[in-house]
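Take a look at the structure set out below.
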Amino acid sequence: MRLALAQAVRAGERGEVPVGAVVLGPSGEVLAAAGNDRESNADPTAHAEILALREAARVRGEWRLGGCTLVVTLEPCTMCAGAAVLARVGRVVYGAADPKAGAAGSLWDVVRDRRLNHRPEVVLGVLAGECSAVLRDFFADRRP
């Protein structure tokens with residue numbers, strides 16, 4: 001989570017919403033790390049999770065990321081939760097809950113929906129206070 005937090009801070013420094021993600025391989029090795037990049041790329045899909053999943057798949061040479069762990073500072077949205085399911089990620093670990101858009105238990109629970117063919121394990125609240133603080137500080141600086 002510390003590496004994901006570092007990615008989030010870098011994203012915030014670039015003017016992006018500070019969310020960071022890391023994909024760990026089955027042995028715990030870092031396959032990919034990314035921060036949000038929607039503003040810079042004018043790409044609505046350039047969430048940290050999507051970018052990290054894409055890079056991890058490239059590194060592994062296949063789209064199936066079974067046995068891998070997606071670590072993210074903010075609870076994944078529906079797009080990112082769906083991508084984790086479709087990539088067959090074994091585990092999703094997140095820090096701060098997102099009651100407005102979270103899809104790993106807060107607003108929706110895409111990752112554990114029994115109707116889907118794959119359901120990753122979910123670990124929530126890892127360094128939640130620090131993850132929340134990065135977001136809170138970012139928006140405090142931008143809102144009156």
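The values are calculated or read from the model by the stated rules, or taken from the named source; none is laboratory data. This is a predicted model, so every value here is computed, not measured. Reconstructed Cβ throughout: ideal geometry from the backbone, glycine too, with neighbour counts over all protein chains shown. Surface accessibility is based on the protein's heavy atoms, side chains included, excluding ligands, DNA and RNA. Shrake-Rupley method; radii C 1.70, N 1.55, O 1.52, S 1.80 Å.
May I ask you to list the residues in region 42-70 that are buried (at least 23 other Cβ atoms within 10 Å of the Cβ) and of a type in the set (D, E, K, R)? Once the filter is applied, which keeps residues that are buried (at least 23 other Cβ atoms within 10 Å of the Cβ) and of a type in the set (D, E, K, R), region 42-70 yields only E49. Is one or more of the residues making up region 95-105 in a loop (DSSP other than H, G, I, E, B), open to solvent by less than 40 Å² (accessible area, probe 1.4 Å) and over 18 Å from A11 (Cβ atoms)? Looking through region 95-105, at least one residue is in a loop (DSSP other than H, G, I, E, B), open to solvent by less than 40 Å² (accessible area, probe 1.4 Å) and over 18 Å from A11 (Cβ atoms).
Give the residue that is nearest to the chain's Cα centre (by Cα), with candidates limited to residues of region 55-86 that are of a type in the set (D, E) and assigned to a loop (DSSP other than H, G, I, E, B).
Among residues in region 55-86 that are of a type in the set (D, E) and assigned to a loop (DSSP other than H, G, I, E, B), the one nearest to the chain's Cα centre (by Cα) is E75.
Out of region 90-144, which residues are closer than 13 Å to V71 by Cβ and of a type in the set (V, I, T)? V92, V93, V122, V123, V126 - these are the residues of region 90-144 that are closer than 13 Å to V71 by Cβ and of a type in the set (V, I, T). Residues that are among the basic types (K, R) and either without any contact (Cβ under 8 Å) to a residue 12 or more places away in the chain or assigned to a helix (DSSP H, G or I) (or both) within region 2-34 comprise R2, R10, listed in sequence order. You will find that of V89, V122, V111, the residue that is open to solvent by less than 40 Å² (accessible area, probe 1.4 Å), touching a strand residue (DSSP E or B) at 6+ places or on another chain (Cβ under 6 Å), assigned to a loop (DSSP other than H, G, I, E, B) and farther than 19 Å from V9 by Cβ is V89 and no other.
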